[in-house]
1. Quick one: in the range 317-331, of everything that is assigned to a helix (DSSP H, G or I) and out of contact with any Leu (no Cβ under 7 Å at 6 or more places or on another chain), which residue is surrounded by the fewest Cβ atoms within 10 Å (Cβ to Cβ)?
2. It is to be established whether one or more residues within the range 26-48 are part of a helix (DSSP H, G or I), over 19 Å from the mean Cα position of the chain (by Cα) and crowded, with 22+ Cβ neighbours inside 10 Å.
3. Can you pull out the residues in the range 226-265 that are surrounded by 22 or more Cβ atoms within 10 Å (Cβ to Cβ) and among the small types (G, A, S)?
4. Would you check if S88 is farther than 23 Å from Q226 by Cα, in contact with a helix residue (DSSP H, G or I) (Cβ under 9 Å, 6 or more places away or on another chain) and either in contact (Cβ under 8 Å) with a residue 12 or more places away in the chain or β-branched (V, I, T) (or both)?
5. Since S172 meets every condition but one in (1) out of contact with any helix residue (DSSP H, G or I) (no Cβ under 8 Å at 6 or more places or on another chain); (2) polar (S, T, N, Q); (3) at pLDDT 70 or above, which condition does it not meet?
6. Scan the range 133-155 and tell me whether some residue there is modelled with pLDDT under 65 and out of contact with any helix residue (DSSP H, G or I) (no Cβ under 6 Å at 6 or more places or on another chain).
7. I'm told G306 meets every condition in (1) part of a helix (DSSP H, G or I); (2) under 19 Å from V68 (Cβ atoms) except one. Can you identify the failing condition by its number?
8. Failed condition for L210, given (1) part of a helix (DSSP H, G or I); (2) of a type in the set (A, V, I, L, M, F, W, C); (3) surrounded by fewer than 23 Cβ atoms within 10 Å (Cβ to Cβ), with all others met?
Amino acid sequence: MLADQIPASPALRWLLLLSACALASLVLQLVHMPAGALIGPMAVSVVFGVTIGGLKLPRVLFKGGQGVIGLLIAQAMTLTVLSTIADSWPAMVLATVVTLVLSTVVGILLVRYGGLPGTTAAWGTTPGAAAAMVAMSEQANADPRIVATMQYVRVICVIMAGALVSHFLGVSGESHAPSHAMTWNLHGLLSFAVSIALIVVGIFICDRLLPAGALLGPMLLGTVAQVSGVIDIQLPLPLLEAAYACIGIYVGLRFDRQTVRNVTHAFKWMFLASIMLIAFCALSALMLVPLMHSDFLTLYLATSPGGLDSMTIIALDTHADVAIVAALQALRLFTVVLIGPAMARFIARFARTPSNQA
């Protein structure tokens with residue numbers, strides 16, 4: 001087997017994985033693939049985890065990557081942007097409700113015909129932050145391994161679909177924006193140090209208090225600092241690419257041979273459910289364009305059932321409206337955390353009984 005031909009040393013395996021991730025990221029960015037620095041490491045890590053395995057990215061690095069993305073979102077938040085979001089709140093609530101209804105319909109179809117336990121399938125189709133949904137599903141006595149697989153299969157499908165939609169719409173994936181250039185003077189270095197401090201403090205305070213707190217904490221603190229004009233947030237491009245890679249590698253390495261064995265019988269249904277939900281959300285985004293006076297790409301990313309972090313990365317690389325994407329994704333996240341258990345119980349009621357399956 002391939003795994004037997006790879007050096008057993010974890011250090012050598014990490015060297016092989018990181019080298020392959022860097023190469024994949026470089027190639028995708030050279031062809032202007034949106035979020036190439038995220039997709040490349042993620043795709044490589046999926047293949048590595050399934051064929052070779054033996055590695056797991058420390059969760060602290062994943063949280064650190066989320067914190068960087070949270071501060072990156074805050075960098076886009078200005079008083080004008082926040083005012084626009086406040087004026088659009090009825091349409092945002094409608095968009096959130098539509099996405100949750102569509103995910104409920106897909107969840108019902110999956111538990112009815114996909115052959116998965118009702119509660120497990122219900123949590124797996126709930127469109128919130130994947131890590132938060134896995135943790136909540138475990139508390140609800142669902143199988144966290146299957147829930148994690150369902151969540152991350154959908155995340156990968158959403159990220160790939162988002163990047164392809166952006167690419168075919170003719171949007172450039174160029175990410176070397178001037179705002180990510182480091183200012184090498186005393187003011188720039190001080191701003192960079194404060195930016196890192198906001199990430200660390202935001203993660204420390206909010207990680208256990210909020211769902212996806214590692215992302216939302218720095219985002220909230222950074223928004224306050226940005227709007228008040230306290231600092232000029234400094235996030236150099238190498239730091240952003242490292243954050244993208246950490247998120248991609250963490251998601252990719254969640255897939256291993258044992259996980260694939262556990263869900264092989266239902267994997268096609270998971271994939272089909274993900275594609276159905278993505279298509280439904282794309283239709284809802286199209287209908288929301290005249291209501292929110294925004295472009296289709298922005299609303300597609302905002303309603304897509306992926307993570308707040310990954311959708312923001314694609315929005316940044318495609319020059320979509322980051323504020324609207326972040327606001328809608330965050331609103332849905334909080335809503336799902338509040339009503340997730342009730343949604344899961346409702347979806348589980350439609351599971352087929354053994355007598356119906358006979």
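1. L331
2. Yes - at least one qualifying residue is present in the range 26-48.
3. Scanning the range 226-265 gives A243, A245, G248, G252.
4. Details: farther than 23 Å from Q226 by Cα: no; in contact with a helix residue (DSSP H, G or I) (Cβ under 9 Å, 6 or more places away or on another chain): yes; either in contact (Cβ under 8 Å) with a residue 12 or more places away in the chain or β-branched (V, I, T) (or both): yes.
No: the conditions fail for S88.
5. Every listed condition holds for S172 apart from (3).
6. Filtering the range 133-155 down to residues modelled with pLDDT under 65 leaves 135, 138-139.
Then keep just the ones that are out of contact with any helix residue (DSSP H, G or I) (no Cβ under 6 Å at 6 or more places or on another chain); that gives 135, 139.
Yes, because at least one residue in the range 133-155 is modelled with pLDDT under 65 and out of contact with any helix residue (DSSP H, G or I) (no Cβ under 6 Å at 6 or more places or on another chain).
7. So G306 meets the others, but not (1).
8. Status for L210: all satisfied but (1).
The values are calculated or read from the model by the stated rules, or taken from the named source; none is laboratory data. A quick note: this is a predicted structure, and the numbers were derived from the prediction, not measured. Reconstructed Cβ throughout: ideal geometry from the backbone, glycine too, with neighbour counts over all protein chains shown.
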